[in-house]
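The values are calculated or read from the model by the stated rules, or taken from the named source; none is laboratory data. Everything quoted here is computed from the prediction, not taken from an experiment. Here Cβ is always computed from backbone atoms with ideal geometry, including for glycine, and neighbour counts include all displayed protein chains. Areas reflect the complete protein model, heavy atoms only, side chains present, ligands, DNA and RNA absent. Shrake-Rupley method; radii C 1.70, N 1.55, O 1.52, S 1.80 Å.
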Amino acid sequence: MPIVPQDVFTVIFTQAARAELIEAQDWYEGEAPGLGRRFRQAISALTERMSANPRQFPVVFQRARRALVRRFPYALFFIVEEQTIFVIACFHASRDPLQWQRRT
(Lines give C-alpha, C1' and ligand atoms only; values in the text may rest on other atoms or scores of the structure.)
Protein backbone atom coordinates (compact mmCIF):
# COMPACT_ATOMS: atom_id res chain seq x y z
CA MET A 1 0.00 0.00 0.00
CA PRO A 2 1.53 3.36 -1.03
CA ILE A 3 2.16 6.01 1.57
CA VAL A 4 0.24 9.19 0.79
CA PRO A 5 1.44 12.44 2.36
CA GLN A 6 -1.14 13.87 4.72
CA ASP A 7 -0.38 17.54 4.20
CA VAL A 8 -0.35 18.09 0.45
CA PHE A 9 -0.95 21.70 -0.44
CA THR A 10 -2.95 22.90 -3.44
CA VAL A 11 -0.94 25.19 -5.74
CA ILE A 12 -2.80 28.03 -7.45
CA PHE A 13 -1.15 30.48 -9.85
CA THR A 14 -2.51 34.03 -9.83
CA GLN A 15 -3.38 35.53 -13.20
CA ALA A 16 -0.18 37.61 -13.19
CA ALA A 17 2.03 34.64 -12.31
CA ARG A 18 0.37 32.47 -14.96
CA ALA A 19 0.96 35.16 -17.60
CA GLU A 20 4.63 35.45 -16.60
CA LEU A 21 5.03 31.67 -16.76
CA ILE A 22 3.51 31.46 -20.25
CA GLU A 23 5.61 34.41 -21.46
CA ALA A 24 8.83 32.79 -20.18
CA GLN A 25 7.90 29.41 -21.62
CA ASP A 26 7.17 30.96 -25.02
CA TRP A 27 10.45 32.91 -24.96
CA TYR A 28 12.48 29.77 -24.20
CA GLU A 29 10.67 27.83 -26.92
CA GLY A 30 11.53 30.61 -29.36
CA GLU A 31 15.20 30.36 -28.38
CA ALA A 32 15.47 26.61 -29.02
CA PRO A 33 12.87 23.97 -29.89
CA GLY A 34 12.01 21.96 -26.77
CA LEU A 35 13.54 24.45 -24.33
CA GLY A 36 10.13 25.87 -23.43
CA ARG A 37 8.93 22.35 -22.65
CA ARG A 38 11.98 21.76 -20.41
CA PHE A 39 11.26 25.03 -18.61
CA ARG A 40 7.67 23.94 -18.00
CA GLN A 41 8.88 20.55 -16.72
CA ALA A 42 11.21 22.33 -14.27
CA ILE A 43 8.27 24.43 -13.07
CA SER A 44 6.12 21.30 -12.64
CA ALA A 45 8.82 19.56 -10.62
CA LEU A 46 9.20 22.65 -8.45
CA THR A 47 5.46 22.99 -7.79
CA GLU A 48 5.42 19.33 -6.69
CA ARG A 49 8.17 20.08 -4.17
CA MET A 50 6.30 23.18 -3.02
CA SER A 51 3.08 21.21 -2.61
CA ALA A 52 4.78 18.55 -0.51
CA ASN A 53 6.58 20.97 1.82
CA PRO A 54 6.23 24.71 1.15
CA ARG A 55 8.00 25.68 4.36
CA GLN A 56 11.31 24.33 3.05
CA PHE A 57 11.58 27.54 0.99
CA PRO A 58 12.76 30.76 2.64
CA VAL A 59 10.58 33.74 3.43
CA VAL A 60 12.10 36.61 1.46
CA PHE A 61 9.59 39.44 1.85
CA GLN A 62 6.87 39.80 4.47
CA ARG A 63 5.23 36.36 4.19
CA ALA A 64 6.21 35.60 0.60
CA ARG A 65 8.51 32.63 0.00
CA ARG A 66 10.89 32.00 -2.90
CA ALA A 67 11.45 28.73 -4.73
CA LEU A 68 14.28 28.71 -7.29
CA VAL A 69 13.74 26.95 -10.61
CA ARG A 70 16.50 24.43 -11.38
CA ARG A 71 18.57 25.12 -14.53
CA PHE A 72 16.75 28.39 -15.27
CA PRO A 73 17.25 31.89 -13.79
CA TYR A 74 13.68 32.04 -12.50
CA ALA A 75 11.94 31.79 -9.16
CA LEU A 76 8.37 31.26 -8.05
CA PHE A 77 7.26 33.59 -5.28
CA PHE A 78 4.35 32.34 -3.24
CA ILE A 79 2.25 32.78 -0.12
CA VAL A 80 0.92 29.91 1.99
CA GLU A 81 -2.61 30.20 3.38
CA GLU A 82 -3.88 27.14 5.25
CA GLN A 83 -3.56 24.24 2.75
CA THR A 84 -3.24 26.45 -0.33
CA ILE A 85 -0.16 27.91 -2.01
CA PHE A 86 -0.78 31.05 -4.04
CA VAL A 87 1.99 31.65 -6.60
CA ILE A 88 2.10 35.42 -7.00
CA ALA A 89 5.02 35.67 -9.46
CA CYS A 90 7.13 33.67 -11.89
CA PHE A 91 10.06 36.01 -11.99
CA HIS A 92 13.40 36.23 -13.82
CA ALA A 93 16.28 36.79 -11.41
CA SER A 94 17.38 40.03 -13.10
CA ARG A 95 14.01 41.81 -12.81
CA ASP A 96 13.24 44.47 -10.24
CA PRO A 97 11.80 42.71 -7.18
CA LEU A 98 9.53 45.65 -6.40
CA GLN A 99 7.30 44.44 -9.24
CA TRP A 100 6.36 41.21 -7.45
CA GLN A 101 6.62 42.64 -3.92
CA ARG A 102 3.68 44.94 -4.65
CA ARG A 103 1.53 41.82 -5.08
CA THR A 104 1.88 40.64 -1.47
| said: Rolling a 1.4 Å sphere over the protein heavy atoms, what is the accessible area per residue of region 35-104, to the nearest Å²? | reply: 57
| request: Quick one: pull the percent of accessible area on the chain belonging to carbon and sulfur, 1.4 Å probe, ligands and nucleic acids left out. | output: 52
| said: Please check: in the Gaussian network model of the chain (C-alpha springs, under 10 Å), which one of 62, 83, 25 has the largest mean-square fluctuation. | reply: 62
| message | With +1 assigned to the C-beta of every Lys and Arg and -1 to the C-beta of every Asp and Glu, and no other charges, what is the dipole magnitude of the chain about the Cα centre in debye, to the nearest 20? | response | 240
| task | Compute the signed sum of charges (Lys and Arg +1, Asp and Glu -1) over the other residues within less than 13 Å, Cβ to Cβ, of residue 58. | result | +4
| field | Within-12-Å neighbourhood charge of residue 41 [Cβ basis; K, R +1; D, E -1] | value | +4
| Could the peptides 88-96, 34-42 be put in order, highest first, of the mean number of other beta-carbon atoms found within 10 Å of their residues? | 88-96, 34-42
| message | Could you tell me the calculated FRET efficiency between residue 92 and residue 7, based on Cβ-Cβ distance and R0 = 25 angstrom, to the nearest 0.05? | response | 0.25
| query | Can you give the calculated 222 nm mean residue ellipticity of the chain, where each DSSP H run of n ≥ 4 adds -39,500 (n - 2.57) and the sum is split over every residue, rounded to the nearest 500 deg cm²/dmol? | reply | -12000 deg cm²/dmol
| If R0 is 30 Å, what FRET efficiency do you get for residue 16 and residue 49 from their C-beta distance, rounded to 0.05? | 0.85
| field | Per-q log10 I(q)/I(0), the chain, q = 0.09 Å⁻¹ (Debye; single scatterer per alpha-carbon; no solvent) | value | -0.22
| task | Please name whichever of 64, 44, 22 sits farthest to the positive end of the charge dipole of the chain, dipole taken about the Cα centre and charges placed at Cβ: Lys and Arg +1, Asp and Glu -1. | result | 64
| message | Around residue 27, under 14 Å between beta carbons, what's the net of Lys plus Arg minus Asp minus Glu among the other residues? | response | -1
